[in-house]
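Working notes, beginning with the structure itself.
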């Protein structure tokens, strides 16, 4: 059950990390006036910054799921 909890947390963290990292990169690019010639900046934000944020989110969420399950099991 612990593995399933960590897998679900990691998947959710990957998706949320990807979306938040991509959105923040796009917003920061718009605010700083980065050129959007042919969508190059947007593609870089989605396909480079997004996976990096997704990987970080998956690792963080998997670790948090592991700790949450361990503490919950000790409390019972």
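Only the coordinates and a few stated rules stand behind these numbers; no lab work does. Because the structure is a prediction, the values reported are computed rather than measured. Don't worry about glycine lacking a Cβ; one is built from the backbone with ideal geometry, like all the others, and counts go over all protein chains shown.
Overview of values
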{"quantity": "Inter-label distance, nm, simple model (7 Å from Cα along the C-beta direction), residue 64/residue 41", "calculated": "3.0"}
{"quantity": "Cα centroid of the stretch 60-76 to Cα centroid of the stretch 1-57, whole Å", "calculated": "25"}
{"quantity": "Radius of gyration and maximum dimension Dmax of the stretch 13-75, Cα, Å", "calculated": "15.9, 56"}
{"quantity": "Degrees, to the nearest 10: 2-32 long Cα axis against longest axis of the chain", "calculated": "20"}
{"quantity": "Inter-site label distance for residue 74 and residue 30 at 7 Å from Cα along Cβ, in nm", "calculated": "4.4"}
{"quantity": "MRE, 222 nm, helices only [DSSP H, n ≥ 4, -39500 (n - 2.57), over the chain, to nearest 500]", "calculated": "-28000 deg cm²/dmol"}
{"quantity": "Helix axis angle, 50-75 relative to the chain longest principal axis, alpha carbon, degrees", "calculated": "20"}
{"quantity": "Choice from 57, 29, 13 with maximal GNM fluctuation in the chain (Cα, 10 Å cutoff)", "calculated": "29"}
{"quantity": "Computed over the chain: relative contact order in percent, which uses C-alpha pairs under 8 Å that are six or more apart", "calculated": "52"}
{"quantity": "Sequence ranges 38-49, 59-70, ranked by mean other-Cβ count within 10 angstrom, highest first", "calculated": "59-70, 38-49"}
